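The values are calculated or read from the model by the stated rules, or taken from the named source; none is laboratory data. These numbers come from a predicted model, not from an experiment. In this analysis, Cβ positions are derived from the backbone assuming ideal geometry, glycine residues included, and neighbour counts consider all displayed protein chains.
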């Protein structure tokens, strides 16, 4: 018998909000979660398909903790995009007096302001940084929601989630933990690790049919078949047009960014005929909106395809542009989105038909294409089926031969996802978390370190004793580099070790920067940028064969500026050249080379520029903090100025006016070239004078003057306060 919202052990006010949203009856996974103890503060691992209601399970649990227990809820996500989506979804409960906050940036802070909030959404990495700063408000957290828990299997990001959960469980045994995932093969093992009840179900609101397309026909996992008409020579075109003909939407997953663009280009004219007059009007408006946000060769192509009903979606696009695409697809105005697989692990974007255009992905370390994991396929397939729109969803792989069809059926359609396993047994990763545990006073000796590690998934799957040798090697490494001190078995972080941990940078990043800064007293901006480009924390730009000569020439001309000499080994040399390319992009950025020119020169997207410059800004700041810690003061002023230049993408002369709200680097340059070179110059200008300048206009001109007036009042208040203090004494 179904369970209804009115039956939930929640305050009446919360039940009214749920009913107002049209939620009356619980889905089977939600009902099972209630029965297994969600509202009795039991730990739960919920393994249930996409769109089966896992988020509402989290919301019900959070409402119970905040409204009945007076506790705090910490919601952990693997991606910023997902954190943003959840934040906007959860703010609907503010009408109940619940204060919701989003915190994903600034890793060098304990964010004390979060103490005033009830529901805090953050990334796993930000949560880790808060633990490193021993944020006092964390002691009041009573519920942890770990979304996409299966990402523990990720070698780069999994250990962070493991350690966050391990530390929180160690310091607060009464915490309720709610772990969510659509795909965990060994869900029972994860539940045992977290001492949790298991809620596992295959129920979906929309039936999922998985199949393989070959020679004009789709064979599904239930042995049903459908014939697809083939007016085009390409299978992808036929599959897309067939779905659109039946009023569905399509998600196409591609294995490269380039393929997302080429698929969108090829499909655009075929999709256009399925648009209504209303669709056309909406998409023209959204295309203009994208171009008003950022106009470059990538967004111009995107805008062109969007007006025909199809878009490409990948990390090279800015967050704002991606959100416009996602919203247009949810509104069913955009008919087709061609995306990289990262979309499947991020925002909720279902479609009638999901097409996995290729099940192979290039592995740069091995130098060839390899099959994707079954778990990744299942994540993509799970996006098929739009609740409230479709009776079923279809996930389709494409085969070129009969043998390949058999392979895909056996190895993907009928296969189970891989077991998830801990990735903690890596010395480089583990020593970073060991330093963090020592520096934030979670552990002061080997025994206490082992006690934390006993709470990890690794210790549950294997044995914590298996990590002893890696722990010992890590401690020796940290001691050798003067990051910890050891006396009578007690291990303490040195001031340098503590600062590195607080800055949330890799130990290898810190040692690379420190060695460089010690080699000379001053350097050019390019040298500093190259130094941080050598670190493992920054995204590297790949050097193509045709670019080798270009960057070797740049290296030859500028080798004398650098902190580090070029390495001898072939592989190390190629990585070194890659760091030269990355530094050159950053130098172009701070010298105000246009976004469009950077996109062309470096084959990147706006999202890449943002990711690289944002990371670079943090690393330059970290370098300045390390210089202070070590007394290398000759570098500090240069690094602090460089940080601002990287943040805004400007030359030094624009730093005074670039901080005005609404003034980006292009408008700042326009003001400067027209004689407004300081805040004082701007304060003397009239609104009408500023309005006549290109890209300024009356509204922004008025905003500039209001900003300056506010600044003047702020300065006057400070001066008056100082005068009163002087008079008092």
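Scanning region 272-308 for residues that are under 30 Å from residue 369 (Cα atoms) and in contact (Cβ under 8 Å) with a residue 40 or more places away in the chain turns up 297, 298, 299, 301, 305.
Taking the criterion of being surrounded by fewer than 19 Cβ atoms within 10 Å (Cβ to Cβ) and closer than 21 Å to residue 31 by Cα, the residues of region 57-93 that qualify are 67, 68.
Those residues that are under 29 Å from the mean Cα position of the chain (by Cα) and under 24 Å from residue 189 (Cα atoms), I need them from region 456-507; list them, please. It would help to see each step written out before you state the result.
Residues of region 456-507 under 29 Å from the mean Cα position of the chain (by Cα): 456-461, 474, 496-507.
Selection gives 456, 457, 458, 459, 460, 461.
Of everything listed in (1) within 28 Å of the chain's Cα centre (by Cα); (2) in a helix (DSSP H, G or I); (3) surrounded by fewer than 17 Cβ atoms within 10 Å (Cβ to Cβ), the single unmet condition for residue 286 is (3).
Of all the criteria given as (1) at pLDDT below 95; (2) more than 20 Å from residue 249 (Cβ to Cβ), the one not satisfied by residue 379 is (2). Here are some residues: 88, 117. Which one is closer than 26 Å to residue 319 by Cα and either modelled with pLDDT of 95 or more or touching a strand residue (DSSP E or B) at 6+ places or on another chain (Cβ under 8 Å) (or both)? Answer to the check: 117. Considering (1) modelled with pLDDT of 95 or more; (2) under 26 Å from the mean Cα position of the chain (by Cα), the lone condition that residue 196 does not fulfil carries the number (2). Residue 49 passes every criterion in (1) at pLDDT 95 or above; (2) touching a strand residue (DSSP E or B) at 6+ places or on another chain (Cβ under 9 Å); (3) not in a strand (DSSP E or B) apart from (1). Counted as qualifying within region 292-392 are the strands (runs of 3 or more DSSP E) with 1 or more residues that are under 27 Å from residue 600 (Cα atoms) and not assigned by TED's automatic domain parsing to the domain that holds residue 47, namely 310-313, 336-339, 360-363, 368-371.
In region 53-127, counting only strands (runs of 3 or more DSSP E) that sit wholly within it, the ones holding 1 or more residues that are assigned by TED's automatic domain parsing to the domain that holds residue 172 and over 23 Å from the mean Cα position of the chain (by Cα) span 72-77.
Can residue 340 be described as surrounded by 17 or more Cβ atoms within 10 Å (Cβ to Cβ) and out of contact with any strand residue (DSSP E or B) (no Cβ under 8 Å at 6 or more places or on another chain)? Explain how you work it out, then say what you get.
On the way: surrounded by 17 or more Cβ atoms within 10 Å (Cβ to Cβ): yes; out of contact with any strand residue (DSSP E or B) (no Cβ under 8 Å at 6 or more places or on another chain): no.
No; evaluated as a whole, the condition is false for this residue.
Does at least one position in region 276-284 carry a residue that is touching a helix residue (DSSP H, G or I) at 6+ places or on another chain (Cβ under 6 Å) and at pLDDT 95 or above? Yes: one or more hits. Considering region 22-38, the residues that are without any contact (Cβ under 8 Å) to a residue 60 or more places away in the chain and assigned to a helix (DSSP H, G or I) include one that is farthest from residue 387 (Cα to Cα), namely 35.
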